[in-house]
1. Obtain the nm distance between the two label points defined at Gln115 and Asn186 by a simple spin-label model: each point lies 7 Å from its Cα along the Cα-to-C-beta direction.
2. To the nearest 0.05, how large is the calculated FRET efficiency for Met322 and Lys257 if R₀ is 22 Å and r is the Cβ-Cβ distance?
3. Roughly how tilted is helix 72-81, in degrees to the nearest 10 and between 0 and 90, from the longest Cα axis of the chain?
4. Assign unit charges at the C-beta atoms only (+1 for Lys and Arg, -1 for Asp and Glu), then state the dipole size of region 52-206 relative to its Cα centre in Debye, rounded to the nearest 20.
5. For Arg268, Arg169, which order do you get if you count the other beta carbons within 10 Å of each Cβ and list the fewest first?
6. If you stretched the chain out fully between Thr60 and Val35, how much longer would it get, using 0.36 nm times the residue separation minus the C-alpha to C-alpha distance?
7. What is the calculated FRET efficiency for Glu280 to Thr249, with r their C-beta to C-beta distance and R₀ = 41 Å, to the nearest 0.05?
8. Could you tell me the calculated FRET efficiency between Glu311 and Ala273, based on Cβ-Cβ distance and R0 = 51 angstrom, to the nearest 0.05?
Amino acid sequence: MTVGFTLRSALLGSCIALAATSVSAKELRGWNIHVEDYPVSIAMDFFAESISEATDGELTAKTFHNGVLGSQPDAIEQLRLGVLDFGEFSLGPFGTSVPEANVVSLPFIFSSIPQMYKLMDGEVGEAISEGMRARGVEPLGWYDAGARSFYNSARPINTPADVEGLKIRVMSNDLFVQMVESMDGNATPMAFSEVYQSIQTGVVDGAENNPPSYESTSHYEVAKYYSLTEHLIIPECLCMSKKTFDSLTPEQQKIVKEAGQASTELQRELWQAREAASMETVEAGGTIVNIVADKAPFQAKMTPVYESFLEANPDLAPLVDMIRNAE
Ligand code: BDP
């Protein structure tokens, strides 16, 4: 009798404790494609720690690195639905669901990284944020992803004619397919995780990316020609599912926003250092780097890409002009 009573009250007690935990404490789940020591990953871990500290553990967050929660296009959909709480994404794959975000995937649209920062931290970033919010995503900060350049296993690329006939992996977005096809290359959209093996086995000749990604994925081991075309400057987004964000208290939302800004500042600093370190690593590993001094012939090839984009998205012309006419 006494034993039964004690057991029952102990069980009841733990049920109450469990219910209390699930009401007051919440663990947010975050998606990240990169390895743990990547600038994005370190800044995301900092974001998670800051939130937990500022809320005294009432709100905690955990980032799953290395793309273990799935491919980037799938993760973007899950974020919009609120299945994932937060994540760090390239605006490249984001462009297919948020038209405003697609503007930054137009080749050579930004003239430099400082210009990209200035515009993303101002009116252009605000216009893209509006588009993202309307589609279920709350941006918390724009991370740096430098400039993307081509690499392949066949030859250095100095002019657009050197791209002809090369099989190049691109991120999942038609704009990148058109970009490669406009130079008579063969574009293959493919998941990031499949690129190493695909180059190694000759399914593709190469891909395009910034120095830290070229290095951290070891793509430089299988594609030794790295040609600094810098054709894409695509910012990245630390963002939260709007569903998750809206479920937080105003005070928690403020904490999340501040943590997002602080982690963005950290990421941008870490990025600079990693870019330099990555270039050293790949060169020491045998990469043959060539600087593409004259980018004009590449830019000229992109005219049809712009034309078809503006034809399909006439309402985005002011945003495109805002970037192209900026200092
Ligand atoms: C990297 C981006 C990452 C993309 C990857 C890619 O940081 O989000 O998934 O490129 O090429 O630079 O897929």
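1. 3.5
2. Numbers: r = 25 Å, r/R0 = 1.12.
Efficiency, rounded to the nearest 0.05: 0.35.
3. With rounding to tens, the tilt is 40 degrees.
4. Numbers: 9 positive and 21 negative charges, 88 e Å.
That gives region 52-206 a dipole magnitude of about 420 debye.
5. Values: Arg268 17, Arg169 26.
Neighbour counts put them in this order, fewest first: Arg268, Arg169.
6. On the way: separation 25, 0.36 × 25 = 9.00 nm, distance 2.12 nm.
Here the segment from Thr60 to Val35 would lengthen by 6.9 nm.
7. Working: r = 46 Å, r/R0 = 1.12.
Using R0 = 41 Å, I get an efficiency of 0.35.
8. On the way: r = 42 Å, r/R0 = 0.82.
Computed FRET efficiency for Glu311 and Ala273: 0.75.
All of the numbers you see were taken from the coordinates with simple rules; none came from a lab. No experiment lies behind these values; they were computed from the predicted model shown. Glycine gets a Cβ as well: all are built from the backbone with ideal geometry, and neighbour counts include every protein chain shown.
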